[in-house]
Amino acid sequence: MSTPSTQATPMIPRLRFSEFSNEWKEKKLGDVFNRITDKNVTNNKNVLTISAQRGLINQKDFFTKSVSAKNITGYFFLKKNDFAYNRSHSKGYPIGVIKRLVNYDRGVVSTLYICFRLDNANYSEVFFEKYFESRHVNREISKIAQEGARNHGLLNMSVIDFFNDVAIKFPRQLEQQKITNFLGPVDAWINNLQFQKEYLEDYKKGIIQKIFSREIRFKDDNGKDFPGWEDRNFCKILTEHKMKSRGKEEVFSVSVHKGLINQIKHLGRSYSAKNTGHYNLVKPHDVVYTKSPTGRFPFGIIKQSILRKNVIVSPLYGVFTPETSGLGYMLNAYFESNINTHNYLAPIVQKGAKNTMNITNKTFLSRSLVLPVSKKEQQKIADFLISIDTLIESKNSQVTKAKSWKKGLMQQMFV
C-alpha cells in the first residue's frame, strides 16, 4: 500500500495499492442499488435485527426474545447479500447502521428499515459492505436526515431522497476486489481475537458453575482440604454500612458488563440530583444491588466495586460491605449469571406498575447461598477468578485495539 500523492483529492483515497491511480467514481445510491420492497408472503420466521457489531442477526439471538409484531407477513423479505439500513441512532452511531445479510440465506426485517440490493454484477457486495462500514457515506446521509420526534430517535428522511440524493464513491471492479481481499484477513484476525475472548468468557462461566456446585474444590497451602461450605444467610456475610456522600465523590452508575462506572462516561451525561448529599457511599470491595430492571436482569443487578476509590451511587441502590473482599468477588462472579440473579431475587422482589421494584435492603439480605466459611478459601477462589478476568480483559484490549486500527485504516482506504 502506498500514497500516490500528498495532495489527496475527494475522489482518491489517501491509502491505496500502488498499481491504481484512477479517480474513484461517484454515483447516487439509487443508480447502483435497487430498493427492496418484497413482502414476507411465505411467512418466513427468521426475523432479523441490525446490530452495529454483529450485523443482521436473528432477533432471539440478539434480544433473547422476539420483539417483532405478531403478524410478520408485511415485513420486508431479504436474501443473502442484500443490504438493510436501520435509520435510527444508537450510541456511537448517530446516523444509524447499514449491514449486509451474511449469516443467513433468507430473512425478514421491519418495514422501518430501508432495504436494497446491487443491480450490477460488476459491483462487489463485499466491497460495499466495507464501504458502508467505513462510515464515509454517513456525511451524505446526514445531509438529508433529521431526527424525528418519535420512534425512539428514528431519523426523519424520505426513502426517495435516500436513493436519489445520497452519493457513494467506489473504484473499478479490480480495485474493489483488491481491497476486499486485503480486508478479509484483517477481519479474520479480529474475529479470531474475538473468538478467543468469548472462549475465555465461556470457560469462566463453566468454572463458576463447577466452583459453586463444589465439583471443583481448592486446598490450603499445606495441601489440606478447607472446611465444608455452609448455607450462609446474606445478613451474616453482607453489612449495610449506610454511609453517605462526603461531598467530593464522583457519581457512578452500575452496568451489567462494566460494573461500577462513572455515570457521565457510561450514559453521556449526569442524571444525578443537584444535591447528592443523600447518595450512598460505595467503598472499594463493597457490593451494590441496583433494584432496577436492566435487559436480561429484570430484578436488578448485583456487582462488587473493584475501584480503588470511594464513589457514590443513587440512594435507591443497596450498598453492602462483604465479610471479605474475596467473598465479594465470588458473589460478583456468581451474579454475573442472569439465571443465578433471577433465582435469588425473584422470590423476594415485588414489581409494581411501570416496572418499579419493591424490595428493602433487609429483604435483599434475607436469603442465603451455600458458600465457603474459610476466609482463606474465599480469597483463593477470588484470586483464581481474578486471574481469568485478567486474561479476558487482556484479550478484550487486543480486540479493541485491533478494531481501532482497522477503523483508522478504512478511513484512509475509502473516499
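Just so you know, all these numbers are worked out from the coordinates, no wet-lab data involved. Model, not experiment: these values are computed from the prediction. Note that we place each Cβ from the backbone using ideal geometry, even for glycine, and neighbour counts take in every protein chain shown.
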Query raised in the report: Once every DSSP H run of n ≥ 4 in the chain is given -39500 (n - 2.57) and the sum is divided by its residues, what mean residue ellipticity at 222 nm do you get, rounded to the nearest 500 deg cm²/dmol?
Result: -10500 deg cm²/dmol
**Report entry** Protection-proxy order for peptides 336-344, 313-321, each taking the mean of Cβ atoms within 10 Å per residue, highest first
**Finding:** 313-321, 336-344
Query raised in the report: How about the stretch 204-257: which trypsin sites (Lys or Arg not before Pro) there are in a DSSP loop, with at most 12 other Cβ atoms within 10 Å of their Cβ?
Result: ARG214, LYS224, LYS242, ARG246, LYS248
Report summary line: Within the set SER18, SER394, SER366, GNM on the chain using Cα springs under 10 Å gives the largest fluctuation to SER18
Requested in this report: With a ≥ b ≥ c taken as the square roots of the eigenvalues of the C-alpha gyration tensor of the stretch 277-339, please select rounded if a/c is under 1.5 and otherwise prolate if a/b is larger than b/c or oblate if it is not?
Outcome: oblate
Query raised in the report: What angle do you read, to the nearest 10 degrees and between 0 and 90, between the alpha-carbon axis of helix 375-413 and the longest principal axis of the chain?
Result: 10 degrees
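Which of the three applies to the chain, rounded, prolate or oblate, going by the alpha-carbon gyration tensor with a ≥ b ≥ c and a/c under 1.5 meaning rounded?
Because a/c hits 1.5 or more and a/b exceeds b/c, the chain counts as prolate.
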Query raised in the report: On average over all directions, what projected area in square nanometres does the stretch 262-415 have, based on the convex hull of its Cα atoms?
Result: 12.8 nm²
Report summary line: Quick note, the stretch 321-408: a/c under 1.5 would make it rounded; otherwise a/b > b/c is prolate and the rest oblate (a ≥ b ≥ c, C-alpha gyration tensor); here it is oblate
Query raised in the report: What does the highest-first list of 137-144, 356-363 look like by mean Cβ count within 10 Å?
Result: 137-144, 356-363
Requested in this report: Output the relative contact order of the chain, whole-number percent, from Cα pairs under 8 angstrom with separation of 6+ residues.
Outcome: 15 percent
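Calculate the dipole size of the chain relative to its Cα centre from +1 charges on Lys and Arg beta carbons and -1 charges on Asp and Glu beta carbons; express the result in debye to the nearest 20. Please report the intermediate quantities before stating the final value.
Numbers: 64 positive and 37 negative charges, 176 e Å.
Dipole magnitude for the chain comes out near 840 debye.
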Report task. Sort 188-197, 283-292 for me by packing, meaning the mean count of neighbouring Cβ atoms within 10 Å per residue, highest on top. Result -> 283-292, 188-197
